[in-house]
1. Could you list the chymotrypsin sites (Phe, Trp or Tyr not before Pro) in region 97-186 that lie in coil according to DSSP, counting only those with at most 16 other Cβ atoms within 10 Å of their Cβ?
2. Could you check how much of the accessible area of region 68-186 is carbon and sulfur, as a whole percent, using a 1.4 Å probe?
3. Sorted by accessible area with a 1.4 angstrom probe, largest first, how do Asp165, Asp116, Asp121 fall?
4. In region 120-149, which residues have a backbone nitrogen under 16 Å from the label point lying 7 Å from Val94's Cα in the Cα-to-Cβ direction?
5. Rounded, prolate or oblate for region 87-130? Axes are the square roots of the Cα gyration tensor eigenvalues, ordered a ≥ b ≥ c, and the cut-off for rounded is a/c under 1.5.
6. Points 7 angstrom from Cα along the Cβ direction at Ser70 and His139: gap in nanometres?
7. Bins of 5 Å, beginning at zero and ending with the bin holding the largest distance: percent of Cα pairs per bin for region 97-173, please.
8. Quick one: Cα centre-to-centre distance for region 82-117 and region 159-186, in angstrom?
Amino acid sequence: MLAAVTAVVGAGTCFVVVLAGCGSTSNVGSTTSSGDATGFGKQICSSAGADKPGYTNGVAKIPGVASKLSGAGSTFVAPILSVWTKNYASVGNVQVAYQSIGSGGGVKQISAGTVDFGASDTPMKDSELAAAKGGPILHIPLTLGAVVPTYKVNGVKSGLKFGGDTRGKIFAGEITKWNDPALTAR
């Protein structure tokens, strides 16, 4: 276990483009007459060298530091963590085992002190932080995820309006029915 600081991964920074590509399991872009993908929707993490950061780690290894780390939690970050931990092992000689068991599981395991880091799509609540064993929890945002409204309403093929104001009212619980005038106004 990490002696000084335990990290919980929250949703937040700028790796969304890489994460979106890493989570892809198929190429959805168009192809050229030769059958080559045009680039749209290509799986970023499978491209040769695309998962490399393009810089070297200038931090010297500290003697006595752990050579194995364990983590658990968010399924959302699992694809990017898979790439990052593979690369980290190749340059830092540190093996990282990550269990993709869901955010709640990550919070439970880090709180119990059974893993070195937990991953959650949201920061821990004050009550969870207070109950955690093993010292203070440090939240470190790793990824950003988008929330996209989709719908399937029998009899409605298209035409609902999802402007920013309307989406805000939906998420705030002010719009609760598909036929609300804010959604159907032309």
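The values are calculated or read from the model by the stated rules, or taken from the named source; none is laboratory data. If you're wondering where the values come from, they're calculated on a predicted model, not measured in any experiment. Neighbour counts run over all protein chains shown; Cβ positions are idealised from the backbone, glycine included. In case anyone asks, the SASA skips ligands and DNA or RNA and just uses the protein heavy atoms, side chains included. Shrake-Rupley method; radii C 1.70, N 1.55, O 1.52, S 1.80 Å.
1. Tyr151, Phe162, Trp178
2. 56 percent
3. Largest accessible area first, the residues go Asp165, Asp121, Asp116.
4. Zone members listed by number: 138-142.
5. prolate
6. Inter-label distance under the simple model: 2.6 nm.
7. Here the calculated profile for region 97-173 is 3, 12, 18, 16, 11, 10, 10, 10, 6, 3, 1.
8. 39 Å
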